[in-house]
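Shown next, in structure tokens, is the structure this report addresses.
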Amino acid sequence: MKKIIFISFLIYANFCYSQGNASVNNSYPTNYFASPMDIPLVLSGTFAELRSNHFHSGLDIKTQQREGIQVFSSAEGYISRIKISLWGFGKAIYITHPNGYTTVYAHLQKFSDRIENYIKQEQYKIENFEVEVFPTKDELPVSKKELIAYSGRTGGFMGPHLHYEIRDTNTERTINPLYFGINISDTKKPSINTLVGYCMDGDSQINQVNAPSQLTFVKSENGDLIAKRIYAHGKIGFGINTYDQLDAATNHNGIYSLELFVNGQKTHEFKATDFAFYETNLINLLIDYERYQLINQRIQKCFNEPKNNLSLTKNSLNNGIITIENNLNYTVDIIAKDFKGNEQKLTIPITGKKAEIIGNNETVTTPFKINHEEFNEFSSSYAKVAFPKNTFFNDFYLDFNVSDKIVKVHTPTIPLANNYTLTFDVSKYSEAEKNQLYIASISEKGRKNYENTIKKENTFYTSIKKLGKFTLLTDSEKPIISLFNFKDNQWLSNHTQLKVKILDRESGIKSFRGEIDGKWILMEYDVTTGLLTYNFSEIIYTEAKHNLKIVVIDNVGNLNTLEATFFRKK
């Protein structure tokens with residue numbers, strides 16, 4: 001008998017959710033999670049966990065490194081959205097419930113038969129694997145505990161798991177599912193690994209340094225952490241690298257709350273309650289973005305940057321910034337907690353001492369000053385960058401130059417709030433050359449990646465949300481197509497699936513199409529393996545000989561076609 005993941009919740013009719021202050025009422029409904037498994041659910045990801053450029057919007061539930069585990073609806077309602085995409089959530093179901101909430105189930109392997117038949121009709125109608133539909137209330141009603149799907153790993157490069165969310169239907173704010181009675185075993189307290197001190201202006205100092213400073217600490221006999229006394233003056237703040245581990249899991253998960261106290265008074269708090277998706281970009285202000293880009297370590301700040309109005313940070317006094325006066329002593333406590341209340345405390349003793357600042361932390365200037373509240377445009381003979389108002393959170397001097405046809409748009413150590421436009425002059429190229437050109441970004445390790453390239457007559461441009469190096473590349477190679485689980489002219493009567501492998505080594509695959517005997521067929525594309533898979537159960541064949549045709553187009557328009565013959569009659 002297959003093991004089952006079942007997520008069930010029931011909300012009191014009078015349960016109050018306040019969207020105005022972005023918090024949930026303290027009367028959380030509990031003990032309504034019903035699971036047919038004998039052991040508590042194990043998570044590989046927690047709510048509001050710090051991820052690349054976003055907060056995690058739900059829970060990631062482990063599926064024992066397997067796909068195909070049954071997933072059931074949390075409560076009665078109707079399927080209001082089904083989306084299948086190559087990236088992101090992969091195959092996902094959204095269920096709207098009569099109590100004002102919507103549950104989301106993502107990275108699914110496949111849907112239940114009823115839902116699978118519904119969505120396949122839509123896919124064949126538009127002749128596309130990727131699809132998004134919004135069924136009406138009467139089309140796909142579901143009951144509590146109804147089988148809706150099987151867990152998978154669709155949506156990109158990831159291991160098998162179920163992503164689960166609870167959203168406010170009207171506001172689309174996503175809410176911590178643990179508030180709804182989902183019980184997770186967690187007896188371990190969070191871990192604090194790194195402490196960093198920050199100076200908020202040019203006159204402040206920590207241990208005579210006006211720059212981010214990593215500070216040392218030790219563990220006391222009772223398990224609390226104590227930092228070495230620091231000497232500081234002016235406006236300062238702190239940040240930590242922290243994670244939580246649940247029972248029966250080795251994953252480094254996000255914490256539930258982070259509090260900062262100064263002489264016993266709470267001055268800052270982060271709490272993983274709920275957030276709007278438009279806020280998720282603010283994660284790059286919550287963390288030390290430069291440090292993350294340089295050494296791949298997330299330091300979560302215990303203070304708010306001026307532009308950070310994130311609703312997950314509450315009870316912030318003076319934005320969590322501490323003013324240290326000369327000859328006064330301070331005790332700062334940082335407390336990291338998980339949802340079960342396990343906590344790790346770090347104490348920082350501070351003595352106010354104004355001294356000569358060691359070293360020089362002068363700002364490096366360039367001819368390209370970014371005034372972030374204004375439109376900014378800079379150009380060379382080869383390329384141009386245009387930054388709309390509020391592309392960045394702060395003013396700074398941009399490092400913009402062109403060398404050997406490589407355009408450098410600063411270093412990727414400054415967070416962006418919005419996209420900007422990078423334009424290349426392609427007037428010197430022939431029309432044939434232009435057809436095969438595309439804009440590529442160059443990673444710190446030298447890897448070149450296609451960026452969505454919009455082509456005008458003499459200019460190519462891309463709208464992008466990252467800094468770094470860019471160039472024009474040529475893709476003259478067709479995509480590669482090869483038969484995977486059969487050979488040309490083979491009998492496939494005993495096969496349940498037909499598989500073809502596709503690959504493009506340059507600009508990447510833009511689209512694909514499969515046909516049998518001149519009719520479009522639904523082929524599922526696994527981006528991790530490059531396999532296109534067709535299930536024979538979808539069509540009953542009356543003739544024995546069949547023609548397979550696969551057409552693949554890359555991002556610059558190079559096209560390749562593979563045709564093969566197979567035999568099957570049933």
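Take region 410-453 and flag every residue that is closer than 14 Å to L473 by Cα, of a type in the set (A, V, I, L, M, F, W, C) and assigned to a strand (DSSP E or B).
F424, L437, I439, A440, I442 - these are the residues of region 410-453 that are closer than 14 Å to L473 by Cα, of a type in the set (A, V, I, L, M, F, W, C) and assigned to a strand (DSSP E or B).
When the residues of region 454-493 are filtered to those that are in contact with a Pro (Cβ under 9 Å, 6 or more places away or on another chain) and assigned to a loop (DSSP other than H, G, I, E, B), which remaining residue is most open to solvent (accessible area, probe 1.4 Å)?
K466
Let's see how each residue does on (1) more than 28 Å from the chain's Cα centre (by Cα); (2) under 30 Å from N327 (Cβ atoms); (3) open to solvent by less than 80 Å² (accessible area, probe 1.4 Å):
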{"residue": "T347", "(1), (2), (3)": "yes, yes, yes"}
{"residue": "K353", "(1), (2), (3)": "yes, yes, no"}
{"residue": "E356", "(1), (2), (3)": "yes, yes, no"}
{"residue": "T365", "(1), (2), (3)": "yes, no, no"}
{"residue": "I370", "(1), (2), (3)": "no, no, yes"}
{"residue": "F392", "(1), (2), (3)": "no, no, yes"}
{"residue": "L398", "(1), (2), (3)": "no, no, yes"}
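Condition first: over 19 Å from the mean Cα position of the chain (by Cα) and without any contact (Cβ under 8 Å) to a residue 12 or more places away in the chain. Now tell me which residues in region 296-319 satisfy that.
Within region 296-319, none qualify.
Of all residues in region 402-436 being more than 29 Å from the chain's Cα centre (by Cα) and of a type in the set (A, V, I, L, M, F, W, C), which is nearest to Y278 (Cα to Cα)? Outline the logic, then answer.
Filtering region 402-436 down to residues more than 29 Å from the chain's Cα centre (by Cα) leaves 402-405, 424-436.
Add one more test, that the residue is of a type in the set (A, V, I, L, M, F, W, C), and what stays is 402, 424, 426, 432.
Values: V402: 34, F424: 30, V426: 36, A432: 42 Å.
Step by step, filter region 402-436, then rank; the result is F424.
Quick one: would you say F89 is closer than 20 Å to I521 by Cβ, of a type outside the set (K, R) and surrounded by 15 or more Cβ atoms within 10 Å (Cβ to Cβ)?
Judged against the criteria, F89 is not a match.
Can you give me the number of residues within region 528-570 that are among the charged types (D, E, K, R), within 30 Å of T474 (Cβ to Cβ) and in contact (Cβ under 8 Å) with a residue 24 or more places away in the chain? So that I can check it myself, show each step before the final result.
Looking only at region 528-570, we keep the residues that are among the charged types (D, E, K, R), and these are 538, 543, 545, 549, 554, 563, 568-570.
Then keep just the ones that are within 30 Å of T474 (Cβ to Cβ); that gives 549, 554, 563.
Pick out the ones that are also in contact (Cβ under 8 Å) with a residue 24 or more places away in the chain and you get 549, 554.
Residues that pass the stated criteria total 2.
Can you go through D224, D244 and tell me which one is more than 11 Å from I348 (Cβ to Cβ), modelled with pLDDT of 95 or more, buried (at least 18 other Cβ atoms within 10 Å of the Cβ) and charged (D, E, K, R)?
Details: D224 fails: buried (at least 18 other Cβ atoms within 10 Å of the Cβ).
When all the criteria are applied, what remains is D244.
Go through (1) touching a residue at least 12 places away in the same chain (Cβ under 8 Å); (2) under 21 Å from Q70 (Cα atoms); (3) open to solvent by 50 Å² or more (accessible area, probe 1.4 Å); (4) not in a loop (DSSP other than H, G, I, E, B) one by one and return the number of the condition I166 breaks.
Of (1) touching a residue at least 12 places away in the same chain (Cβ under 8 Å); (2) under 21 Å from Q70 (Cα atoms); (3) open to solvent by 50 Å² or more (accessible area, probe 1.4 Å); (4) not in a loop (DSSP other than H, G, I, E, B), only one is false for I166: (3).
Given the residues I166, I93, which is the only one that is within 21 Å of A276 (Cα to Cα) and modelled with pLDDT under 95?
Details: I93 fails: modelled with pLDDT under 95.
Going through I166, I93 in turn, just one is within 21 Å of A276 (Cα to Cα) and modelled with pLDDT under 95: I166.
Of the residues that sit in region 510-539 and are touching a Phe, Trp or Tyr at 6+ places or on another chain (Cβ under 9 Å) and of a type in the set (A, V, I, L, M), which one is farthest from D488 (Cα to Cα)?
Step by step, filter region 510-539, then rank; the result is V527.
Would you mention how many residues in region 125-152 are modelled with pLDDT of 95 or more and either of a type in the set (S, T, N, Q) or out of contact with any strand residue (DSSP E or B) (no Cβ under 7 Å at 6 or more places or on another chain) (or both)?
Of the residues in region 125-152, 6 are modelled with pLDDT of 95 or more and either of a type in the set (S, T, N, Q) or out of contact with any strand residue (DSSP E or B) (no Cβ under 7 Å at 6 or more places or on another chain) (or both).
For residues that are among the charged types (D, E, K, R) and assigned to a strand (DSSP E or B), scanning just region 515-570, find the one that is nearest to M158 (Cα to Cα).
Applying the filter and picking the extreme gives D526.
Assess whether Y94 counts as being in contact with a Lys or Arg (Cβ under 6 Å, 6 or more places away or on another chain), open to solvent by less than 40 Å² (accessible area, probe 1.4 Å) and in contact (Cβ under 8 Å) with a residue 12 or more places away in the chain.
Yes; evaluated as a whole, the condition is true for this residue.
Might you let me know whether region 139-149 holds any residue that is within 24 Å of G530 (Cα to Cα) and either open to solvent by less than 10 Å² (accessible area, probe 1.4 Å) or not polar (S, T, N, Q) (or both)?
Within region 139-149, one or more residues are within 24 Å of G530 (Cα to Cα) and either open to solvent by less than 10 Å² (accessible area, probe 1.4 Å) or not polar (S, T, N, Q) (or both).
Out of everything in region 507-527 that is under 25 Å from L473 (Cβ atoms) and out of contact with any Leu (no Cβ under 7 Å at 6 or more places or on another chain), what residue ends up being most open to solvent (accessible area, probe 1.4 Å)?
The extreme case among them is K510.
The values are calculated or read from the model by the stated rules, or taken from the named source; none is laboratory data. Since this is a predicted model, take the numbers as computed values, not measurements. Cβ sites come from the backbone with ideal geometry, for glycine too, and all protein chains shown count toward neighbours. Each accessible area value is taken on the protein alone, full model and side chains, heavy atoms only, with ligands, DNA and RNA left out. Shrake-Rupley method; radii C 1.70, N 1.55, O 1.52, S 1.80 Å.
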